[in-house]
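Report on the structure given below.
The values are calculated or read from the model by the stated rules, or taken from the named source; none is laboratory data. Worth saying up front: this structure is predicted, and the values here are computed from it rather than measured. A quick note on method: Cβ atoms are made from the backbone with ideal geometry, for glycine too, and the neighbour counts reach across all protein chains shown. Just so you know, the surface numbers come from the protein's heavy atoms only, side chains and all, with ligands and any DNA or RNA stripped out. Shrake-Rupley method; radii C 1.70, N 1.55, O 1.52, S 1.80 Å.
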Amino acid sequence: FKGGDTCEYLLSSGRFLGEKVWQPHSCMMHKYKNSEAKNCLIDKHVVFIGDSRIRQLFYSFIKLINPQVKEEGIKHGNIPFEDKSASIKVDFLWYPEVNGSMRQRIKSWTEGSVAKPHIIVVGAATWSIKIHNGSNEALAQYKINITSIAPLLEKLAISSDVYWVLQDPVYEDMLSESRKMITNEKIDAYNEAAVRILNSSSRNSKAKVKVFSVSKLIAQETIMKSADGLHLPESSRDTNAMILMNVYCNKIMKPIDGSCCQPQPPLTLIQKIAFCFFTLSIIGYVIISLIHRNNYRKNKSCTDLESGEEKKPAISTPNVSTLEMLLHCFCKLGLIMTYFYLCDRANLFMKENKFYTHSSFFIPIVYILVLGVFYTENTKETKVLNREQTDEWKGWMQLVILIYHISGASTFLPVYMHIRVLVAAYLFQTGYGHFSYFWIKGDFGVYRVCQVLFRLNFLVVVLCIVMDRPYQFYYFVPLVTVWFMIIYATLAVWPQIVQKKANGNCLWHFGLLLKLICLLTCIYFLSYSQGAFEKIFSFWPLSKCFELNGNVYEWWFRWKLDRYVVFHGMLFAFIYLALQKRQMISEGKGDPLFSNRVSNVLLFISIVSFLTYSIWASSCKNKTECNELHPSVSVVQILAFILIRNIPGYVRSVYSSFFAWFGKISLELFICQYHIWLAADTKGILVLIPGYPMFNVLVSTFIFVCVAHEISQITNDLAQIVVPKDNSTLLKRLLCIAGFFSGLHFFSAMQDQSRH
């Protein structure tokens, strides 16, 4: 950690990812839309002063505000631009040389009550080289002129943002005869003079003219594509304009994926309370551990001085109390949450933008698939979707989703559509698993509900507090939580129909199907009635959980995207368990699921269906249209996979322990990636080891997986303490939890009031 200013890095260093994507050193650059640029620059006056290269930058900058602008202004004259809707003024002032005229113009802004521009971008030199034929006298005069202008710029920099743009290199082979005297050697001399003079003038001053030197680095890579060897290609000057926008606007707009120039957010009241709580937990655990260790030493076996025989102590091992276990869990969790905060809220570690290439996605996929095959073992049972198989399924899907996120593959539509199926498959398993449990066990007790809700939501609630994010931000957990409650409500409301009751009378099966039809009707109605959906989830306290950016549209979109797949999972579980009960399927080790003929036909249909969906997904041209069809057709590939995986007896009898291990911590992996593997809330990549991308991924991945595994264990341990089986104790705990959330709501309200 160099402790450097990310603004300084943004203006001075970086590299290209591919051909056109610029990656600043140590931070992420946001790509501003027209509406965002207008909101940032509202009521602002921006001035560009210089030659034709600065004019190019001026046009790229105003195109960020209005893309319809055409470069039709006077070449060697002033060019005004105004956006009346946002009261934005951007002017280009033609001063191709650093001379008395430029000094007089700059001086006019420092005198009296003249309105000063909010942003001033200055730069010139090539005309001086050209007019004076590259003479040393011209360079000496240039130094004198900059020396006289520098104090004025420093004075303006007290209240305005002032940028001095260094001269870009030229492509000497392409220069016309009239420009042959403009050499890179001369440009370097002029740049060196400008940097030395500007730095010396601000040495004893707080205000500082910012030197825009990154343009040189960009030009070194792209000047060969120049039309005349002097002016940058359009993509390069657009990058410069975007950098300029990031330098000024990031601290105002605070975009999630624009970490450059953003100050570290101040600790909120809730974060401070959480910090104190974890600190006290660590201190408490250390004190109790020391006391226990001291008592254990006193009770340790000692030698009888008279007989020389060893006597056994009354207590052989220290008993771990509930309080000690609780403090131990919170102690570990506190250290882990500190790491989360340092990674994604403190400006301690670097962050970089994602950049997608086919190799960055598909090579790791092949690698983990080969690893998974090497860890093949026999299953303990050979039922359809047995525990080992579902863990394996969750595991490889989670690994693919992680690779998808870190590689930025969402920009490639065929991959995006297949990942949508994997997310749907998780929800399918939610419907299948919870329906099977309630149908077979008939356990609708409060203990079961609280255990599931605690395991699903514990980590997310802690992250909402520590990372200062709303519950809906971690959208997948609210999704599976709501669907679990819907499944529970569907089966628990009168009449409660379970397998034991249905076996006595077949009519109960029709009763259950009627319940499922009612559920499907409700889903269909809410998916096409956004108003009704938003009214339901806009009531307090649901609104506190499901609002994002002041509305529940994002929640409606996420819910609607996979609205039928949980129902499909429930229906599949019902049909499968009915067939299993009537012994219409064979689940013996090595046996095909059905008769050979039926198995072969179903296997053929499944393979064709699986490939057909993949072909359709790969031919998608529009994400919106494909998302509309996805809820209805995603089940095709899911069912095809289940049949391919379970019809052949041998395939059903083995599983990958490698994937199953990851499957057991899949929820923790999905949530933890937001902050300690990716960065800027999944928008970028965390950089622990700069300059070594592969080594960085290996190290950050190792820590990330270990942390996810540890959090899984902490959650399981706390679930046993917080959610006991005894109903009276459980009721007391629920009252404590209600008090906790009431306090959280109170402090959140105080926090919001102080912000406003």
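Computed quantities for the displayed model
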{"read-out": "Dipole magnitude (debye, nearest 20) for segment 6-253, charges at Cβ of Lys, Arg, Asp, Glu", "value": "640"}
{"read-out": "Longest segment of the chain lacking GluC sites (Glu not before Pro) that sit in a DSSP loop with at most 15 other Cβ atoms within 10 Å", "value": "382-756"}
{"read-out": "Along each principal axis, Cα extent of the chain, largest first, Å", "value": "102, 84, 51"}
{"read-out": "Using a Förster distance of 41 Å, the FRET efficiency for S113-R755 (Cβ separation, nearest 0.05)", "value": "0.75"}
{"read-out": "Estimated FRET transfer efficiency when R0 is 30 angstrom, pair M485-M584 (beta carbons, to 0.05)", "value": "0.40"}
{"read-out": "Length added when fully stretched, I607-S410, from 0.36 nm per residue minus Cα-Cα", "value": "68.3 nm"}
{"read-out": "Separation in nanometres of the label points that stand 7 Å from Cα toward Cβ, at S52 and A227", "value": "1.0"}
{"read-out": "Signed unit charges on C-beta, dipole axis of segment 109-241, positive-most listed residue A138, S178, V162", "value": "V162"}
{"read-out": "Spatial separation of Cα centroids for segment 470-504 and segment 122-189, in angstrom", "value": "70"}
{"read-out": "I49 long-range amide H proximity, modeled H, under 5 Å", "value": "L93, V121, V122, G123"}
{"read-out": "Alpha-carbon centroid distance for the pair segment 371-389 / segment 715-751, whole angstrom", "value": "37"}
{"read-out": "Charge-dipole axis of segment 349-723 as Lys and Arg at +1 and Asp and Glu at -1 on Cβ define it, positive-most pick from F704, W616, L643", "value": "L643"}
{"read-out": "Accessible solvent surface per residue of the chain, calculated while the other protein chains remain in place, 1.4 angstrom probe, Å²", "value": "49"}
{"read-out": "Carbon and sulfur %, accessible surface of segment 24-122 computed with the full protein complex present, 1.4 Å", "value": "47"}
{"read-out": "Within segment 2-43: Cβ-based charge dipole about Cα centre, in debye rounded to nearest 20 (Lys, Arg +1; Asp, Glu -1)", "value": "180"}
{"read-out": "For peptides 692-702, 277-287, sequence by mean Cβ density within 10 Å, most packed first", "value": "277-287, 692-702"}
{"read-out": "Value of [θ]222 nm, deg cm²/dmol, for the chain, DSSP H segments ≥ 4, -39500 (n - 2.57) each, nearest 500", "value": "-20500 deg cm²/dmol"}
{"read-out": "Hz values of 3J(HN,Hα) by residue in segment 177-185 - Karplus curve (6.51, -1.76, 1.60), Gly and Pro given as x", "value": "4, 6, 10, 4, 6, 7, 9, 5, 5"}
{"read-out": "Of V46, V598, F355, farthest towards positive along the dipole that unit charges on Lys, Arg, Asp, Glu beta carbons give the chain", "value": "V598"}
{"read-out": "Gyration tensor verdict on segment 6-253 (Cα atoms; rounded if a/c is under 1.5, prolate if a/b is larger than b/c, oblate otherwise)", "value": "rounded"}
{"read-out": "Size of electric dipole in the chain: Cβ of Lys, Arg +1 and of Asp, Glu -1, about Cα centre, debye, nearest 20", "value": "1240"}
{"read-out": "Two-site label geometry, L267 and L371: point separation in nm, points 7 Å out along Cα→Cβ", "value": "3.7"}
{"read-out": "Net lengthening on full extension, N39/T338 (0.36 nm per residue, minus Cα-Cα)", "value": "104.2 nm"}
{"read-out": "Pairwise label distance in nanometres, H745 with K515, each label 7 Å out on the Cα-Cβ vector", "value": "3.0"}
